[in-house]
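One structure is given below, encoded as structure tokens.
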Amino acid sequence: MFGATKDFLGKPAPPGYIAGLGRGATGFTTRSDIGPAREGPTEADIAKLQEQARRKAAEDGDDDERFQDPDNETGLFNTAPYEADDEEADQIYDAIDAKLDERRKARREAREKEEAERINKERPRIQDQFADLKRGLNTVSMEEWENLPDVGNIAGKNRKKANLRDKFAPVPDSLLPRAQEEMATSLDAQPNGLATPAPSMTNFREIGEANKSVLGLRLDRMADSASGQTTIDPKGYLTGLNSVVVKSEAEIGDLKRARLLLKSVITTNPKHAPGWIAAARLEEHAGKLTDARQIIDKGCQECPKAEDIWLEAARLNNTDNAKKILANAVKQVPQSVKIWVQAAQLETVPKAKKTVIRRALDYVPNSIKLWKTAIELEDDPNNARILLARAVELVPLSVELWIALARLETYQNAQKVLNKAREHIPTSHEIWIAAFCLQEANGKPVERLVVGAVKTLSMKESALSRDQWLDEAEKCEKNGFINTCQAIVGATISMGIEEADLKSTWMDDADGAIGRQSFGTARAIYAHALKTFPAKKSIWRRAALLEKAHGTRESLEELLVRAVKFCPHAEFLWLMGAKEKWIGGDVPGARVVLGAAFEANPNSEAIWLAAVKLEAENGEHGRAEKLLSQAREKADTMKVWMKSTVLERQLGKIPEALELLDQGLVKYPTADKLWMIRGQILTDRGDNQKARENYIKAVKFCPKSVPLWILYSRLEERAGLQTKARALLDRARLLNPKTPELWLESVRIELRGNNANFAKTQMAKALQECPSSGLLWSESVWLETRAQRKGKIVDALKKSENSVHVIVTAARLFWSDRQVEKARSWFLKAEKSDSDHGDAWAWHYKFEVEHGDEARKRDLAMRCKAAEPRHGEYWQAVAKDQKTAGKPLDEILILVAASLPSNVVA
Amino acid sequence: MSYFLPHLTNGWQVDQAILSEEDRVVILRFGTDWDPTCMQMDELLYSVAEKIKNFAVIYLVDITEVPDFNKMYELYDPCTTMFFFRNKHIMVDLGTGNNNKINWALDSKQELIDIVETVFRGARKGRGLVVSPKDYSTKYKY
């Protein structure tokens, strides 16, 4: 090739230069009609040019000869004529040349060939390198040649693609619904159900199966390659199948590592049993039971004295093999109780089990566990007794065996057994307690025995503490030995306590016992406490409550009779006794009790009132009146006066009631309830003027009585004097600041007067003054429009600290939204928050009437009865009504529920 | 403007011109200086010569003076422009059916620069054929 010349411009071409030839240029033929189809310079051209060059060279040949090498002259004699002798000479020279050539030909050719081969080997030509491949090319068909892919420039394309992969664009919305459609059809999993199955449908089931089979294959391959040979035993395979799914590749990696580690452990220290066990467990975990068995088998051979390894081997094998293994094991370690027990467990027939255990006892006669197992296996009590007798001889320090033996023996023998046991184990309280129980079971007194035992035991070093004794007492109670329990409590309850702490400690003990449902123990503690402190009202009271809650009526009555004997001034105890009698239907008995109570406490208001209530509710109004008039003389209190007037009013004796009220108010002018009753009576009669005078006087005497003010304002409101009512409430609020009831009444006045806007402003003021009043908050929720109530109730709940009013309101909101379950849960919450709030009960009842069933209603009524609610706006209105007086609570509940307004408030 | 551009006066010079450029496209205009088409083309070539000098060099060849390539490159048109890069003839798909050369006079400097740039980029990547940014097919002319 020609070298490039920089300054070629303007220079002539070298002689004989053929344009394009040196550059290797090739032409092209696009249109054969306008030019000859040929490439590059023609042969003729080249030949012509070469001829020209030769001629030119010949022309100035002298010049060439000037530079000829004188040593290599060629034409020294070529001017001389060529003659015959010259020819001969030439021939001779040629002959010599040929001869010389002939002589070394073989050697030279061999050398040349060798040389060529060597060069070929050192630097093989590319054609030679691919010669073998080239030979195969003749099989390539024409189509294959055609279909050879073009090389092309793929560098740029790849780069572009890589970039594209990293770019993310948001998915257009149109794709999402389409994808969803596809999912919906393909997840139907019933390809036959579709008339024309979509071609692009994905069959998830098949994919899942394929995945599973691939995973299984891979795991199989791994398991095979790990051990070097195919290990498929049917059992291991089946157990292995369970674990195939959970094993990830990481876990398998861990297994391999652990396997390696444990292998090194068992090779370096083959006498180390835990190593063998761990290795076997690993294989078991990996699902290769056979391997595990082999390993543990080897381990058994290496460490025959380790009982654990034998047990592991037995565990890993099936029952038959395990039996054989354990048989070997007991030969090696005959003292191992565990192995014997395991062997016995492997037997299915009781007889075989017994045989094994007896054999075991031959080897290990002092194992408690073996004895116990042997005894458990015996069905016949006689045999068991014989076994036990032998057992206690051999293992005299086992308390359990002694006690078990004692249980099986007759009373006399049992006593002997226990005495013997005590000789052997003098420090055991269990034996003593067993003895107590034995005594009690045979109807013998235990107290003295217990006292003696406690004394004996406390002399020993291992004496029980007081708490431990109490625990034992509770245990005895649980086992049905009440007397023993009481005796233990009596003997030990005051152990090691200071005189001053006695009562409080006992009370704590009793509470603890009640908490653990050990009522007998608690009763015993109270009994002992009452023996020590018979005049303590509080203990009597606690004992009575315990009896009421967990005892019989008789025991309670008996207790109360004793109680009032010791504490005749405890009204509570008297009343409780009377009530018990009454509830038990024994009205005369109750009267007797109350009569005794009068004698003991002639001035007790509570007892008087209880007596009145008893008479009034049993329809003995005459007696009640008489009792009240006596009471007014003997126990001259406001409450007595009030009850008197209420009774008169109930009986419809209005003039008498008014007379009584007047007398009462002279004595107790500050009794707002009397004033209220008077006002109500007057209002009922329609005597507004007198009623008003009554209230005017009343608020002068009792300015702090909120209900009085409200009643007064309602009176005015009913009379149509709304302004006056409003003013009255203002005055009331001045005198009783921060009273939510008064504020609520003001708001309600406005609501009743159809003054919703003003009501709202009033409510805002109210909430400012009483920000945590549930009453106001719940009312304010109802003042809101329907849409805003939800938001308001959240506020209300937060501010009012979950007051029952607000909770009920929340429940009602859910109810009005027909979210029944939620409403119910909120009602239950309200019930928990304040069970004394009657309105909550009533609303809940109304709700259940609408959405619940009979069972729920009944259940609710029962709970309400137990809770005895007394408060609540609607509740009080109904419960204190003359008509409902004396009705049971569940009926009142229904009435209140009926009196409630409709839940849906617009 | 032919007199501003270098002329190659024999086949050797043409070969040297093609061989001597390592990193630039060699643009050869075959034709005669007096031909009107060539005049147009020369005008255009001269006007862009300075702009493309970093990646292309332009030579003019009189096909009557240097007839060596007439058959080889089928130089029968009045004006033919060809591109070479490292002694390789670069073909351009112009949409005319003849990818070997531009055998008419272009009339836009930008188009010419675009073609030369495309040739340069393609040739650098080892391509023997590049696609012209503009399709000069006659079907768009009507």
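The values are calculated or read from the model by the stated rules, or taken from the named source; none is laboratory data. What you see is a predicted model; the values in this text were computed from it and never measured. Reconstructed Cβ throughout: ideal geometry from the backbone, glycine too, with neighbour counts over all protein chains shown.
In segment A:164-277, counting only helices (runs of 4 or more DSSP H) that sit wholly within it, the ones holding 1 or more residues that are at pLDDT 55 or above, charged (D, E, K, R) and within 28 Å of A:W310 (Cα to Cα) span A:249-268. Against the conditions (1) buried (at least 22 other Cβ atoms within 10 Å of the Cβ); (2) aromatic (F, W, Y); (3) in contact with a Lys or Arg (Cβ under 9 Å, 6 or more places away or on another chain), B:F69 satisfies every one except (3). With respect to B:W12, determine if the residue is within 12 Å of chain A (Cβ to nearest Cβ), modelled with pLDDT under 95 and out of contact with any strand residue (DSSP E or B) (no Cβ under 9 Å at 6 or more places or on another chain). Yes, satisfied.
Looking at segment A:303-340, which of its residues are under 18 Å from A:K353 (Cα atoms), crowded, with 18+ Cβ neighbours inside 10 Å and touching a Cys at 6+ places or on another chain (Cβ under 9 Å)? Those that are under 18 Å from A:K353 (Cα atoms), crowded, with 18+ Cβ neighbours inside 10 Å and touching a Cys at 6+ places or on another chain (Cβ under 9 Å): A:I325, A:A329.
For segment B:101-142, give me the residue count where each residue is of a type outside the set (K, R), over 19 Å from B:A49 (Cβ atoms) and within 14 Å of another protein chain (Cβ to nearest Cβ). The qualifying residues number 7. Exactly one residue out of B:D42, B:D33 is touching a strand residue (DSSP E or B) at 6+ places or on another chain (Cβ under 8 Å), free of Cβ contacts under 8 Å to residues at least 40 places away in the same chain and away from every other protein chain (no Cβ under 13 Å), and it is B:D33. Of everything in segment A:658-674 that is assigned to a helix (DSSP H, G or I) and within 60 Å of the chain's Cα centre (by Cα), the residue that is farthest from A:L708 (Cα to Cα) is A:L674. Residue count for segment B:54-88 under the criterion of being among the hydroxyl-bearing types (S, T, Y), assigned to a loop (DSSP other than H, G, I, E, B) and more than 12 Å from every other protein chain (Cβ to nearest Cβ): the result is 1.
Taking first residues from segment A:786-809 that are closer than 19 Å to A:L828 by Cβ and partners that are part of a loop (DSSP other than H, G, I, E, B), the Cβ contacts under 6 Å between residues at least 6 apart in sequence or on separate chains come to A:S800/A:S772; A:V804/A:D834; A:V806/A:S800.
For first residues located in segment A:350-373 and touching a residue at least 12 places away in the same chain (Cβ under 8 Å), partners that are of a type in the set (S, T, Y) and lie 6+ apart or on another chain with Cβ distances below 6 Å form the pairs A:I357/A:T373; A:I368/A:S398.
Conditions (1) modelled with pLDDT of 65 or more; (2) in contact with a Ser or Thr (Cβ under 8 Å, 6 or more places away or on another chain); (3) within 9 Å of another protein chain (Cβ to nearest Cβ); (4) over 28 Å from B:L5 (Cα atoms), marked per residue:
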| residue | (1), (2), (3), (4) |
| --- | --- |
| A:A19 | yes, no, yes, no |
| A:Q50 | yes, no, no, yes |
| A:A53 | yes, no, no, yes |
| A:A58 | no, no, no, yes |
| A:G75 | no, no, no, yes |
| A:A89 | yes, no, no, yes |
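Here A:R385, A:R422, A:R407 are screened, and the one residue that is closer than 18 Å to A:L449 by Cα, in a helix (DSSP H, G or I) and of a type in the set (D, E, K, R) is A:R422.
Okay, residues lined up against (1) in contact with a Ser or Thr (Cβ under 6 Å, 6 or more places away or on another chain); (2) modelled with pLDDT of 70 or more; (3) surrounded by fewer than 16 Cβ atoms within 10 Å (Cβ to Cβ):
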{"residue": "A:L559", "(1), (2), (3)": "no, yes, no"}
{"residue": "A:H569", "(1), (2), (3)": "no, no, yes"}
{"residue": "A:G585", "(1), (2), (3)": "no, no, yes"}
{"residue": "A:P588", "(1), (2), (3)": "no, yes, yes"}
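Table: residues versus (1) modelled with pLDDT under 85; (2) closer than 26 Å to A:L751 by Cα.
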site: A:S803; (1), (2): yes, yes
site: A:H844; (1), (2): no, yes
site: A:K865; (1), (2): yes, no
site: A:Y874; (1), (2): yes, yes
site: A:I892; (1), (2): yes, no
site: A:A906; (1), (2): yes, yes
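Among the residues of segment A:488-531, write down those that are among the charged types (D, E, K, R) and more than 45 Å from the chain's Cα centre (by Cα). The answer is A:E498, A:E499, A:K531. Of the numbered criteria (1) touching a helix residue (DSSP H, G or I) at 6+ places or on another chain (Cβ under 9 Å); (2) more than 23 Å from A:V592 (Cα to Cα); (3) surrounded by fewer than 17 Cβ atoms within 10 Å (Cβ to Cβ), the one A:A522 fails is (3). Taking (1) more than 12 Å from chain A (Cβ to nearest Cβ); (2) among the hydroxyl-bearing types (S, T, Y); (3) farther than 27 Å from A:Y17 by Cβ in turn, B:T96 satisfies each apart from (1).
Residue selection: A:E741 fails the criterion of being modelled with pLDDT of 80 or more, more than 27 Å from A:W641 (Cβ to Cβ) and surrounded by 15 or more Cβ atoms within 10 Å (Cβ to Cβ). Residue by residue through segment B:118-136, note down the ones that are under 17 Å from B:N87 (Cβ atoms), under 16 Å from the mean Cα position of the chain (by Cα) and surrounded by fewer than 17 Cβ atoms within 10 Å (Cβ to Cβ). Answer for segment B:118-136, where residues must be under 17 Å from B:N87 (Cβ atoms), under 16 Å from the mean Cα position of the chain (by Cα) and surrounded by fewer than 17 Cβ atoms within 10 Å (Cβ to Cβ): B:G128, B:L129. Of all positions in segment B:118-137, none carries a residue that is aliphatic (A, V, I, L, M), in contact (Cβ under 8 Å) with a residue 40 or more places away in the chain and within 20 Å of B:Q40 (Cα to Cα).
Exactly one of (1) in contact (Cβ under 8 Å) with a residue 24 or more places away in the chain; (2) crowded, with 23+ Cβ neighbours inside 10 Å is unmet by A:L346. Its number? Here A:L346 clears every test but (2).
The listed residues are A:R863, A:R858, A:R824, A:R812, and the only one of them that is free of Cβ contacts under 8 Å to residues at least 12 places away in the same chain and over 30 Å from A:I654 (Cα atoms) turns out to be A:R858. Within segment A:821-833, identify whether any single residue is within 15 Å of A:L775 (Cα to Cα) and either in a helix (DSSP H, G or I) or at pLDDT below 85 (or both), and answer yes or no. Checked segment A:821-833: at least one residue is within 15 Å of A:L775 (Cα to Cα) and either in a helix (DSSP H, G or I) or at pLDDT below 85 (or both). Against the conditions (1) in contact (Cβ under 8 Å) with a residue 40 or more places away in the chain; (2) under 21 Å from A:G27 (Cα atoms); (3) within 13 Å of another protein chain (Cβ to nearest Cβ), B:E22 satisfies every one except (2).
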